[in-house]
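> Before we start, here is the structure in question, set down as structure tokens.
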Amino acid sequence: MSALEKLRAAAPVMREDLAGLVAVESPSADLDALARCADVVAELGRRCTGLAPERVVVADRPHLRWRFGSGPARVVLIGHFDTVWPVGTLARWPFTVDGDRCTGPGVVDMKGGLVVLFHALAALAAVSDLDGVAVVCNSDEEIGSPTSQALIEDTATGAAGALILEGSAEGRLKIARKGIAHYTLRVTGRASHAGVAPHLGINAGIELAHQVLRIAALGAPPGTTVIPTDSSAGTTSNTVPATARLSIDARSFDPAELARVDAALRDLRPVLPGADVRVELGPARPAMPESASAALFALAGRLAATLGLPPVDGEAVGGGSDGNLTAGIGVPTLDGLGVVGGNAHAEGEWADLAGMPERAALVAGLVDAIGREP
């Protein structure tokens, strides 16, 4: 029986494993929930590979790492178990199966990818050892991987390939991702009574409005986007706002464009006399260029043909992942190898159960081929 046939036979187990992961809610901000989910992921990995993970806790946040063999990693598989869904979501939207499709919070982004990852390694371990393979499962990808970035880069440095188990739209692999930089703009004005002495105030909300228009104009569609997102100003309805705040999301495939935007944001100056503006850089990820994925994408195409799977397509996307980090340190990276599905981060998020064995077979083939190539 081939690896693909064995994985197809294991499809009911894969479905149950996915149901078990989704049943443990794990929003990025809830450390207790993440710890509970880490336990479930650790047990899934131990059952599939025979090895318990190293638990790496950074700032009270749990991450998991498996390293097989004693030498450096040749291939690294990366996934995350945090989601964007708050605890309590399952009460109104439980894991549900309808034919070959399942829905539930986190099924495609990316608990389904974790199931694919570990069952791929289980299939590979059945025919050979896993020496040279490493796995990182982190709990903060949805917020930019601030506490796991060093772990990911340390594990992946020098590897011949990194495979990212993010979900896939219509089966397409992700061959390029935009670089991302998040900023916070802080405005300081002066409070005063809005009715009695508005002329004594410096309105931070008005200053913010001026800056929003300047910031939005920094984008250069379609390749570079600079989006003012959430904002706030003031404290009460009858007080001239003394402070205001704005989040900024900047993205581009071109590092030079991100550098241009960064310089322009740092050069912002107030419009209102007496106001002050300050820009702070938040989480950032370098671009994942198409050159980082080219060889692995070609390899995936050859393996898909050998396995009798449909031809693989690739796409460049604006969203970021931990593939940006591995590509940023020069490791060949292929993304979007998780479950096929859709509606990530939205109500009705879904995954294709029937395609999970095929995805796992492709991942197993990639791990094996990368491990054997000189």
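The values are calculated or read from the model by the stated rules, or taken from the named source; none is laboratory data. All values reported here derive from a predicted model rather than from experimental measurement. All Cβ positions, even for glycine, are placed from backbone atoms using ideal geometry, and neighbour counts span all protein chains on display. Surface accessibility is based on the protein's heavy atoms, side chains included, excluding ligands, DNA and RNA. Shrake-Rupley method; radii C 1.70, N 1.55, O 1.52, S 1.80 Å.
> Touching a Gly at 6+ places or on another chain (Cβ under 9 Å) and not hydrophobic (A, V, I, L, M, F, W, C), is that true of His80?
yes
> Does Glu358 satisfy the condition of being among the acidic types (Asp, Glu), in a strand (DSSP E or B) and at pLDDT 95 or above?
No; evaluated as a whole, the condition is false for this residue.
> Out of Arg8, Arg61, I need the residue that is of a type in the set (D, E, K, R) and more than 19 Å from the chain's Cα centre (by Cα). Which one?
Arg8
> I want to confirm something. Restricting to region 256-289 and keeping residues that are surrounded by fewer than 17 Cβ atoms within 10 Å (Cβ to Cβ) and in contact with a Pro (Cβ under 7 Å, 6 or more places away or on another chain), which single residue is farthest from Gly205 (Cα to Cα)?
Out of the qualifying residues, it is Pro283.
> Those residues that are part of a helix (DSSP H, G or I) and more than 38 Å from the chain's Cα centre (by Cα), I need them from region 194-222; list them, please.
Selection gives Pro198, His199, Leu200.
> Next question. Given the condition among the polar types (S, T, N, Q) and in contact with a Lys or Arg (Cβ under 8 Å, 6 or more places away or on another chain), answer yes or no: does some residue in region 94-117 qualify?
Kept after step one, since they are among the polar types (S, T, N, Q), are these residues of region 94-117: 96, 103.
Narrowing the set further to residues that are in contact with a Lys or Arg (Cβ under 8 Å, 6 or more places away or on another chain) leaves none.
The answer is no, given that none of the residues of region 94-117 is among the polar types (S, T, N, Q) and in contact with a Lys or Arg (Cβ under 8 Å, 6 or more places away or on another chain).
> Taking region 42-64 as the search range and keeping residues that are in contact (Cβ under 8 Å) with a residue 60 or more places away in the chain and more than 23 Å from Gly365 (Cβ to Cβ), which one is most open to solvent (accessible area, probe 1.4 Å)?
Looking at the filtered set, the residue picked out is Ala59.
> Kindly indicate whether Pro241 is within 21 Å of Gly323 (Cβ to Cβ) and open to solvent by 20 Å² or more (accessible area, probe 1.4 Å).
no
> Cβ-Cβ below 6 Å, separation at least six or inter-chain, first residue in region 87-113 and on the phi > 0 side of the Ramachandran plot, second modelled with pLDDT of 95 or more: which pairs?
Pairs that qualify, where the first residue is on the phi > 0 side of the Ramachandran plot and the partner is modelled with pLDDT of 95 or more, are Gly104/Val22; Gly104/Phe95; Gly106/Val22; Gly106/Thr83.
> Scan region 132-158 for residues that are small (Gly, Ala, Ser), open to solvent by 10 Å² or more (accessible area, probe 1.4 Å), at pLDDT 95 or above and touching a strand residue (DSSP E or B) at 6+ places or on another chain (Cβ under 9 Å) and jot them down.
Taking region 132-158 as the starting set, the residues that turn out to be small (Gly, Ala, Ser) are 132, 134, 139, 144-145, 148, 150, 156, 158.
Those still in the list that are open to solvent by 10 Å² or more (accessible area, probe 1.4 Å) too: 132, 144, 150, 158.
Those still in the list that are at pLDDT 95 or above too: 132, 150, 158.
Gly132, Ala150, listed by residue number.
> Looking at the structure I just gave you, is Ser252 at pLDDT 95 or above, among the polar types (S, T, N, Q) and crowded, with 19+ Cβ neighbours inside 10 Å? So that I can check it myself, show each step before the final result.
Numbers: at pLDDT 95 or above: yes; among the polar types (S, T, N, Q): yes; crowded, with 19+ Cβ neighbours inside 10 Å: yes.
So Ser252 fits the description; yes.
> In addition: Please find, within region 223-246, the residue that is farthest from the chain's Cα centre (by Cα) out of those that are farther than 27 Å from Ala176 by Cβ and part of a loop (DSSP other than H, G, I, E, B).
In this case the residue turns out to be Asn238.
> Could you tell me whether region 115-131 includes any residue that is in a loop (DSSP other than H, G, I, E, B), acidic (Asp, Glu), surrounded by fewer than 18 Cβ atoms within 10 Å (Cβ to Cβ) and at pLDDT below 95?
yes
> Report the residue count in region 1-41 for those that are open to solvent by 20 Å² or more (accessible area, probe 1.4 Å), aliphatic (A, V, I, L, M) and either under 16 Å from His119 (Cα atoms) or assigned to a loop (DSSP other than H, G, I, E, B) (or both).
11
> To continue, here is another question. When you scan region 266-303, how many residues do you find that are within 25 Å of the chain's Cα centre (by Cα), outside any strand (DSSP E or B) and more than 20 Å from Ser321 (Cβ to Cβ)?
2
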